[in-house]
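J.: Structure incoming, see below.
Laboratory data are not the source of any read-out in this text; all were calculated from the coordinates shown. Everything numeric here is computed off the predicted structure, so don't read it as measured data. Because the Cβ atoms are built from the backbone with ideal geometry, glycine has one as well, and the counts that use them run over all protein chains shown.
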Amino acid sequence: MTFRPWARRIAVGSASAAALVAFAVPAEAAGPTTASTSATAAVTAAADVDYTTWQRDCQTVMDQALPYLKQRIADARPGERQAIVFDIDNTTLETDFGFSFPQPANRPALRVAQYAQDHGVALFFVTARPGIIAGVTDFNLEHVGYDVSGLYVRGFLDLFKNVADYKTAQRVDIEKRGYTIIANIGNSATDLSGGHAEKTYKLPDYDGQLS
Ligand SMILES: [Mg+2]
């Protein structure tokens, strides 16, 4: 893994979005060259947390989540359909460190996700990413090892909603589909507020620097 600094949140967010949209449209319109150029420009803006620190901090949180999940999965009620909700950017994928496509998995989160999916838990991904990149996002998640039971991306009207409200509404929808959300894992406060999960686990965003 290349050791990279990251850019500040807004610069990185727009570069990440530009990169993904570039991959989502035909090569003649905007190819990977365009995407990597944008990403390179963004990372020069620089920062204060390195990859190793981020991985260690993520592992610390996942070390708390895994024993709980093992117990909760073992204690499943008869007929209960258990689910975990994950954020995507800088939670399940290395968005602000992995300027490539497919983006690598955030390995501490992947290990927890794979334990859960191997034990019958459905994984739902709720992201503020726009619907235009749903296909590449789903492919990326599956490619790096996640079993995607559902992917929620923002539709046009959702773009006008508060992100926390939008994400909460998706968890309500998952519950209406008959699932019990045993954990909600994300790296931003807006991933986790609003209830509709038995437990929440917050990965670092370093005061909003990571999307
Ligand atoms: Mg995120």
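J.: Show the residues, 5+ positions off or on another chain, whose built amide H is closer than 5 Å to the amide H of residue 82.
T.: Amide H neighbours of residue 82: 122, 180.
J.: For residue 202, give me every one of the lysines with a C-alpha distance below 16 angstrom, ignoring sequence neighbours fewer than eight places off in its own chain.
T.: 167
J.: Fully extended, how many nm does the chain gain between residue 55 and residue 81 (0.36 nm per residue separation, minus their Cα-Cα distance)? Before the final figure, lay out the partial values.
T.: Values: separation 26, 0.36 × 26 = 9.36 nm, distance 3.05 nm.
Gain in length upon complete extension: 6.3 nm.
J.: Within a 10 angstrom radius of the beta carbon, how do 91, 60 rank from fewest other beta carbons to most? Please report the intermediate quantities before stating the final value.
T.: Values: 91 26, 60 12.
So the residues, fewest neighbours to most, are 60, 91.
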